[in-house]
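Chemist: Sending over a structure as structure tokens; questions will come in a sec.
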Amino acid sequence: MEISNYSKNYRETPRNEEDVKALVSRVNRVKGQIDGVRTMLEENRYCGDILIQLSAAESAIRSLSYLIFEEHLSTCVAEKLRQNDPEIVKETVELIKRLK
């Protein structure tokens with residue numbers, strides 16, 4: 001599929017280059033933690049150590065989720081509220097349910 005066709009099939013949130021780099025950096029950190037878990041499993045490392053690493057990855061993902069949710073509220077949701085879009089409230093409630 002061409003990129004130009006693909007880009008028409010999803011919604012976008014405008015982010016500046018610095019914000020994108022910071023978010024990608026966080027994703028890469030989580031990816032590194034998950035890769036570390038895989039390595040630990042392959043090396044038959046102690047279960048407690050693996051669980052600690054998994055907990056750190058979960059915490060990093062949760063933190064990233066909250067950061068993106070905050071961005072979503074201050075940009076996308078705020079804009080839809082200004083446009084009097086009643087669906088944005090339902091969508092936001094569903095997102096909150098999924099973030100717990």
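Chemist: Given the criterion under 19 Å from Val93 (Cβ atoms) and of a type outside the set (Val, Ile, Thr), identify the matching residue among Ser59, Ser65, Ser55.
Modeler: Only one candidate qualifies: Ser65.
Chemist: On to the next question. Give region 39-58 a look and list any residue that's open to solvent by 60 Å² or more (accessible area, probe 1.4 Å) and within 27 Å of Lys100 (Cβ to Cβ), or say none.
Modeler: Cys47, Leu51, Ile52, Leu54, Ser55, Glu58
Chemist: Then there's this: Report, ordered by the first and then the second residue, all pairs with beta carbons closer than 6 Å, sequence separation of six or more or different chains, a first member in region 46-63 that is over 17 Å from Val24 (Cα atoms), and a second member that is of a type in the set (S, T, N, Q).
Modeler: Hits for this filter: Ala56/Gln33.
Chemist: Sticking with this structure for a sec: Is it the case that some residue within region 18-29 is modelled with pLDDT of 95 or more, open to solvent by less than 70 Å² (accessible area, probe 1.4 Å), part of a helix (DSSP H, G or I) and among the hydroxyl-bearing types (Ser, Thr, Tyr)?
Modeler: Yes, the conditions are met somewhere in region 18-29.
Chemist: Considering only residues that are open to solvent by 90 Å² or more (accessible area, probe 1.4 Å) and out of contact with any helix residue (DSSP H, G or I) (no Cβ under 8 Å at 6 or more places or on another chain), which ones fall in region 63-93?
Modeler: Hits for region 63-93 are Glu70, Arg82, Gln83, Asn84, Pro86, Lys90.
The values are calculated or read from the model by the stated rules, or taken from the named source; none is laboratory data. Everything numeric in this text was worked out from a predicted model, so none of it was measured. All Cβ positions, even for glycine, are placed from backbone atoms using ideal geometry, and neighbour counts span all protein chains on display. Side chains included, ligands, DNA and RNA excluded: accessible areas come from the protein's heavy atoms. Shrake-Rupley method; radii C 1.70, N 1.55, O 1.52, S 1.80 Å.
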